[in-house]
Amino acid sequence: MKLWGGRFKKEEDKQMEDFNSSLHFDKRLYKYDILGSIAHVNMLGEKNIIKEDEKVSLIDGLKEILKDIENDKLKIEGNYEDIHSFIEAKLIEKIGEVGKKLHTSRSRNDQVALDMKLFTKEKTKLVVKSIESILKTIKDVADKNNYIMPGYTHLQRAQVVTFKHHLLAYYNMFLRDKKRLLNALDLLDENPLGCCALAGTTYDIDRDITTKELGFNKSVDNFLDGVSDRDYLIEITSSFSIMMMHLSRLCEELILWSSQEFNFITIDDSYSTGSSIMPQKKNPDAAELIRGKTGSVYGNLFSLLTVMKGLPLAYNKDMQEDKIHFFNALDTVIPCIEIMDKMIKTLKVNKENMKKGVKKGFLNATEVADYLVNKGVAFRDAHKIVGEVVLYCEEKNSTIEDLKLDDLKNISSYFDKDLYDFIDYENVLKKGIKKDML
Ligand code: ARG
């Protein structure tokens, strides 16, 4: 069933009809479409654009349709162009002629803009909730595992850190992700209903009524912008992409740390899988999948940007495609954060192996240089002396702390026995602002 056709002489090509239809993906907007319509009808009634009894039967009809869909009595399927046409057609079937008044002073352009905003607001808040949950998990796991570990740059052992501090780096990243989403939610919080097709309407509507009923901050200022703004979808998908990048970096570390080579952590069996041929294998598939799905969300961001690029104002049918990409991004990020949350919650930290990792790689070399600086050596000279110490250790297959004081004194007379305490790994962590890592 079509909402248009009066000016057409020929039937639409069947393939074109399917090509044009978005029902199979925009059906998930049904609730927001109905809530938007109820607010619209309430406003039409209050402004005497429709009669009171018309308002009542339109609203009753819409509420029944919502119930029927939710109880699975009404299936969203059939030959309809989109969810908006489907619901309007079902309303007319249900309440008769008066149903035809629903679309007074409204276009599908402001209708779809509204539905998407309502949908996005609700779903993005769910993503914020899952970020809050992972933030809590990270904090808990970090606090419980305040163990010494090697810190890396260029994936080479660099200086000593704690597992807690390493994990809390992700806390800060996810906190920024949350703020980015909250900011995007704030920016999008303007009601586009009432913009109509692109140019407002000659009816004396009151946009403040629907704005209030639907819980928006304000009505949009500009009608053309109101119907054609998809910035918020791009912005949220961009924030999702950044968040996926964070998740993916964490995945990379979990994958490395759980390998035999590192053996710093053990990923719980529930988030690992086996090999069909190698009986001994336990693979970190959950982490690999999150890392892999990051690419799909980046793809959605680029698809959205490309859909919108070059579109003249105001609405263009290209925009129907926005849903496919946004829905996919949303449906990807939610399970990714949830699985990561559970993976972090259940992982085991192999404290002893991390400690062993600290022993090799001269992770206290920088502190040896700091020691010399405290004794009056200029840092650049101290750097050179410690370089020689490291070379000597490599020849002797020793660590710095295991060298005899005489050997150290042969390289520089500034070394004394208080060095050993100064460069002890546990002590190193207690000094200066490094205390913040504990
Ligand atoms: N299904 C359309 C979409 O998602 C609804 C708006 C259609 N507007 C129009 N003028 N044909 O964009």
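The values are calculated or read from the model by the stated rules, or taken from the named source; none is laboratory data. Model, not experiment: these values are computed from the prediction. Positions of Cβ are backbone-derived with ideal geometry, glycine not excepted, and every protein chain shown enters the neighbour counts. Just so you know, the surface numbers come from the protein's heavy atoms only, side chains and all, with ligands and any DNA or RNA stripped out. Shrake-Rupley method; radii C 1.70, N 1.55, O 1.52, S 1.80 Å.
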Tally of residues being loosely packed, with under 15 Cβ neighbours inside 10 Å and outside any loop (DSSP other than H, G, I, E, B) across region 391-406
6
Does at least one position in region 48-64 carry a residue that is within 28 Å of Asn328 (Cβ to Cβ) and away from the ligand (no atom under 12 Å from the Cβ)?
no
Anything in region 264-282 that is under 27 Å from the mean Cα position of the chain (by Cα) and among the β-branched types (Val, Ile, Thr)? List them, or say none.
Ile265, Thr266, Ile267, Thr273
Exactly one condition in (1) more than 16 Å from the ligand (Cβ to nearest atom); (2) open to solvent by less than 20 Å² (accessible area, probe 1.4 Å); (3) under 29 Å from Ile205 (Cα atoms); (4) of a type in the set (Val, Ile, Thr) is not met by Ile34; state its number.
(1)
Region 39-88, residues that are touching a residue at least 60 places away in the same chain (Cβ under 8 Å) and either of a type in the set (A, V, I, L, M, F, W, C) or in contact with a strand residue (DSSP E or B) (Cβ under 8 Å, 6 or more places away or on another chain) (or both)
Ala39, Val41, Met43, Leu44, Ile49, Ile83, Phe86
Exactly one of Asp208, Asp204 is out of contact with any strand residue (DSSP E or B) (no Cβ under 8 Å at 6 or more places or on another chain) and open to solvent by 50 Å² or more (accessible area, probe 1.4 Å), and that one is Asp204
Conditions first: (1) more than 24 Å from Asn191 (Cβ to Cβ); (2) among the charged types (D, E, K, R); (3) surrounded by 18 or more Cβ atoms within 10 Å (Cβ to Cβ). Glu88 passes all but one, so which condition is the exception?
(1)
Single condition Asp82 does not satisfy, out of (1) on the phi < 0 side of the Ramachandran plot; (2) surrounded by fewer than 19 Cβ atoms within 10 Å (Cβ to Cβ):
(2)
Give region 211-224 a look and list any residue that's open to solvent by 50 Å² or more (accessible area, probe 1.4 Å) and away from the ligand (no atom under 16 Å from the Cβ), or say none.
Lys212, Glu213, Asn217, Lys218, Asp221, Asn222
In the set Asp204, Asp229, which member is more than 30 Å from Lys359 (Cα to Cα) and out of contact with any helix residue (DSSP H, G or I) (no Cβ under 9 Å at 6 or more places or on another chain)?
Asp204
Which residue pairs have Cβ atoms under 8 Å apart, sit 6 or more places apart or on different chains, and have a first residue in region 3-27 that is open to solvent by less than 90 Å² (accessible area, probe 1.4 Å) and of a type in the set (Ser, Thr, Tyr) and a second that is within 15 Å of the ligand (Cβ to nearest atom) and assigned to a helix (DSSP H, G or I)?
Ser22/Ile83; Ser22/Gln320; Ser22/Lys323
Tabulated pairs, region 143-161, first without any contact (Cβ under 8 Å) to a residue 12 or more places away in the chain, second open to solvent by less than 60 Å² (accessible area, probe 1.4 Å), C-beta under 8 angstrom, 6+ apart or interchain:
Tyr152/Ala158
How many residues does region 95-122 contain that are of a type outside the set (Gly, Ala, Ser), open to solvent by less than 50 Å² (accessible area, probe 1.4 Å) and either away from the ligand (no atom under 16 Å from the Cβ) or at pLDDT below 95 (or both)?
4
Filter pass, Ile138 being more than 15 Å from the ligand (Cβ to nearest atom), touching a residue at least 12 places away in the same chain (Cβ under 8 Å) and crowded, with 19+ Cβ neighbours inside 10 Å:
yes
Consider region 411-422. How many of its residues are part of a helix (DSSP H, G or I) and surrounded by 12 or more Cβ atoms within 10 Å (Cβ to Cβ)?
4
Selection from region 229-250 of residues assigned to a helix (DSSP H, G or I) and in contact with an Asp or Glu (Cβ under 7 Å, 6 or more places away or on another chain) yields Leu233, Ser239, Ile242, Met243, His246
